[in-house]
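Take a look at the structure set out below.
The values are calculated or read from the model by the stated rules, or taken from the named source; none is laboratory data. What you see is a predicted model; the values in this text were computed from it and never measured. When we count neighbours, we look across all protein chains shown, and the Cβ atoms used for this are built from the backbone with ideal geometry, even at glycine.
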Amino acid sequence: MSPEVYGGRAKCLQRLIRLDMPVPLTVALSFDCVRDIAKGRMPDLSPVIAPFGFAPLLSVRPSSLDPDWGGPGAILNIGMNHERHEALALTAGERAATSLYLRFIQSYAVQVARLDPDPFDLPAEPNRATLKAMLDAYENETDEPFPQDPATQLAEVLRSMARAWDGTTARLLRQAKGAPADAGLGLVVQAMALGVGRGESGSGVIQFVDSETGEPRITGRYLGQSQGREALRDRRDAIPLTRAEGSPSLEEVAPFALRELLAHGTTGRERLREEMQMEFTLENGRLCILDSVRVPRSPRAAIRIAVSLAQDGVIPREEAVMRVEPGSLSSLLHRQVDPTAPRDRIVTGIAASPGAASGRIVLAAADAQAFAARGEPCILVRRETTPEDIRGMHAASAVLTVRGGVTSHAAVIGRGLGLPCVVGASHLEIDRRRRAIIAPGGRIFHEGDIITVDGTAGEVLAGEAPTLDAALDDSFRTLLSWADEFRDVGVRANADTPQDARIARDFDAQGIGLCRTEHMFFEGERIGMMREMIFAEGAQARRAVLDRLLPMQRADFAALFRIMAGQPVCIRLFDPPLHEFLPSDRQSLRDLAEGLSRPLSDVEARVEALREYNPMLGLRGVRLGITVPEIYEMQARAIFEAAVLAGRDGEPVVPEVMIPLVSAKREVELVKARVDAVASAVRAETGVAFAYRLGVMVETPRAALRAAEIAQHSAFLSFGTNDLTQMTYGLSRDDAGRFLGSYVEQGVYEEDPFHTLDLDGVGELLRIGASRGRQGRPDVTLAICGEHAGTRRAIEFCRREGFDYVSCSPYRVPIARLSAAQVSL
Ligand code: PEP
Ligand code: MG
């Protein structure tokens, strides 16, 4: 019986029967049969009913391919009518028989006849009077007596369940969970085990692991005189399964049943190769197993279960690796809002960096630093962030911006710092005058008020929401070590600071694939020196300022090399336009003029001169390296001196130097000549014959097209898919968030291309770049380091095209390692 034809539940029941478990007689209807029923072509039901014998009571349950896709609720006690009621009253007792009849009328009225549920609430006392009242209610609502023919009842139940599957809501819900548009529904018809009647009768649910942690633990409930999953719904009267203080338990009420269940649990785990949750019934002391589904599980439990099944030899390690959804790891790497807690949602935006944090609202980076200095957690709320905000972001517990998309500054830095971040909360207004934020519906939150940013869900909540800790346990590490055995795509981290590098190491990244050095120039006194450098007249004066920055950069790089202990570290030379280092408001300009001892008008003129209409396509990246070469020379020197220093007391370092925003071979030749010259000088000064690798960041379409000649001077090509997407589409990565939603809604783009790698357009440039790069230099190393790099789509692409590694933000490293294994298996 294939699950593709009959569904997962039918398949599972067949296996339970083969394992000799006490499953009541079961008949499965295929997807095709159910499709026919939905279209009004009811098959002859006599072969379905015949095996059940005379006057059976039946249940029908849904059986789709994947149980997570949902389906219509089970309907029990089909076949109850006046005659069966009288007969059952004699065998099971009057009260039990009436109770079963009432339950059936209720579910038939609500689920099959689709009547208003109110008149069909189950009465407190099941007796002939309440039964008559419910039968009358049915007749009043439908103008027909309650159907007495079991075959008619069954046909109507099957028809209603088949049609419910085709309803719009059901369809949308399951498609959201990944079901294909034509997903089928099977139905399982089963003889009822009564659970209501004489002797020890009742029903319950049992599982052998904890759904939250995945640890072995018998959990579940049992409820006497009940059916189906009532024991889970009616928690007040249901009793635990094993001995517990202050309550009777199934272990005492029916010890034999618990023993049998434990034995079936062990068999089920080994033979079904899964932790199952079983639905069982005791009918006058006799145990029946009605159904079995995968234990519902948190991401943490999913890992623990997969690892322990593999450690016990039940499944191979490869399968354990395949069973865990990589994206689900992110909830373990970060603090999360407790999913069971109430949520007072203020506004939603784009989930840019996962995790949750609460703190007081601050509207300026400087205030965030002040809060941090007092040890008070705060949330930095900005229209958008700029490099000037970096210190404030460092200091904040989370970041919220009104504008921007997944590759906006706030999002990139948030992910890099492991800071929960919601961007593009466009319905939020910042009212600077009132020093407040105004949420949809006019709710006002002032500076100092506490909010919670849920960067996993992309939501902002009022007040301090309860959160759960990150949980990196042994199972997590074991699973990832297995993933590493199976993958053939390397995973490095984008790391700018020692803190990033430590996280990268801790998550077993195979080096740093991108260190964005510009962030280092915003720290402490450095921004002042940068400004001095920008205002310096001529190369000589610039060099003098850069000489003061050199020891700081050297220390930055030495720290990274030491932490990475011999792993490759790829340092990208300075990239942003210089104007990002200059203040924009008048007061700061005045302060700057004072600091530089220059007239304000001079400062304003210089700022004006650096202004560009289109700075992202202006004087930045290698263009600065060519026109203001002193900056790259200083950085190259800092890198090489740091490599010598770190290599002296630790593993030898072979630094990688990367040139950003290249579009012409000559750019590489010029920079390479200068960097080589610096390397020779440092070798001569230190007497250490270190090696280094020079590479190019392919971020412009032209660099991809001309990769053959560019690669002649490059040991590696690292594709920066953020800029490459921006330039391929001609779409500003900082502004597109404003209208991309409407584009995706109208189907112009399938997805936000800054989020989901565009395999057609950008992908074609990547393929061209890779193949031409290899033509120019057969052993060239190929990598992707844009924000897409941590996604399964990009990793799959990299593997298919023979790239060597991806480099993603440190917190995505474990996810990328698991994805890389899954695409390799
Ligand atoms: C890129 O453009 O893909 C990249 C990694 O560089 P940045 O995001 O710093 O521009
Ligand atoms: Mg870039």
Problem set entry | Residue identified as modelled with pLDDT of 90 or more and not assigned by TED's automatic domain parsing to the domain that holds residue 265 among 176, 155, 181 | 155
Exercise. Has the range 122-130 got any residue that is in contact (Cβ under 8 Å) with a residue 24 or more places away in the chain, outside the structural domain of residue 284 (by TED's automatic domain parsing), more than 51 Å from the chain's Cα centre (by Cα) and over 16 Å from residue 56 (Cα atoms)?
Worked result: yes
For this session: Select from the range 363-382 the residues that are within 16 Å of residue 585 (Cα to Cα) and surrounded by fewer than 16 Cβ atoms within 10 Å (Cβ to Cβ) and list them in ascending order.
Result: 366
Exercise. Just for the range 741-764: of the residues that are among the β-branched types (Val, Ile, Thr) and touching a residue at least 12 places away in the same chain (Cβ under 8 Å), which one is farthest from ligand 2 (Cβ to nearest atom)?
Worked result: 756
Problem set entry | Restricting the range 51-69 to residues that are modelled with pLDDT of 85 or more and among the small types (Gly, Ala, Ser), the residue that is farthest from residue 7 (Cα to Cα) | 59
Problem set entry | Neighbours by Cβ (under 7 Å, 6+ apart or cross-chain): first from the range 303-327, under 16 Å from residue 265 (Cα atoms); second surrounded by 23 or more Cβ atoms within 10 Å (Cβ to Cβ) | 305/209; 305/214; 305/275; 309/320
Exercise. Right, residue 116: surrounded by fewer than 17 Cβ atoms within 10 Å (Cβ to Cβ), free of Cβ contacts under 8 Å to residues at least 60 places away in the same chain and touching an Asp or Glu at 6+ places or on another chain (Cβ under 8 Å) or not?
Worked result: yes
For this session: Go through 721, 700 for me and flag whichever is farther than 30 Å from residue 822 by Cβ and within 13 Å of ligand 2 (Cβ to nearest atom).
Result: 700
Seminar exercise, completed: Note on the range 3-37: residues closer than 20 Å to residue 270 by Cα and either within 31 Å of the chain's Cα centre (by Cα) or small (Gly, Ala, Ser) (or both) are 3, 8, 9, 10, 11, 12
Problem set entry | Top-ranked residue in the range 613-650 [being within 38 Å of the chain's Cα centre (by Cα) and in a loop (DSSP other than H, G, I, E, B); ranked as surrounded by the most Cβ atoms within 10 Å (Cβ to Cβ)] | 621
Exercise. Taking the range 194-230 as the region of interest, how many residues are farther than 25 Å from residue 73 by Cβ and crowded, with 23+ Cβ neighbours inside 10 Å?
Worked result: 2
For this session: Mind telling me which of the residues 738, 774, 767, 792 ends up being closer than 28 Å to residue 300 by Cβ, more than 16 Å from ligand 2 (Cβ to nearest atom) and either surrounded by 17 or more Cβ atoms within 10 Å (Cβ to Cβ) or of a type outside the set (A, V, I, L, M) (or both)?
Result: 792
Seminar exercise, completed: Every listed condition ((1) among the hydrophobic types (A, V, I, L, M, F, W, C); (2) surrounded by 17 or more Cβ atoms within 10 Å (Cβ to Cβ); (3) away from ligand 2 (no atom under 16 Å from the Cβ)) holds for residue 727 save (3)
For this session: Examine the range 426-441 for a residue that is touching a residue at least 24 places away in the same chain (Cβ under 8 Å), buried (at least 24 other Cβ atoms within 10 Å of the Cβ) and under 23 Å from the mean Cα position of the chain (by Cα), and state whether such a residue exists.
Result: no
Exercise. Quick check, is residue 356 out of contact with any helix residue (DSSP H, G or I) (no Cβ under 8 Å at 6 or more places or on another chain), under 23 Å from residue 738 (Cα atoms) and either of a type in the set (A, V, I, L, M) or assigned by TED's automatic domain parsing to the domain that holds residue 499 (or both)?
Worked result: no
Exercise. Do we have any residue at all in the range 594-602 that's more than 16 Å from ligand 2 (Cβ to nearest atom), among the hydrophobic types (A, V, I, L, M, F, W, C), in a helix (DSSP H, G or I) and free of Cβ contacts under 8 Å to residues at least 24 places away in the same chain?
Worked result: yes
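Yes or no, residue by residue, for (1) at pLDDT 95 or above; (2) not small (Gly, Ala, Ser):
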residue: 784; (1), (2): yes, yes
residue: 789; (1), (2): yes, no
residue: 805; (1), (2): yes, yes
residue: 811; (1), (2): no, yes
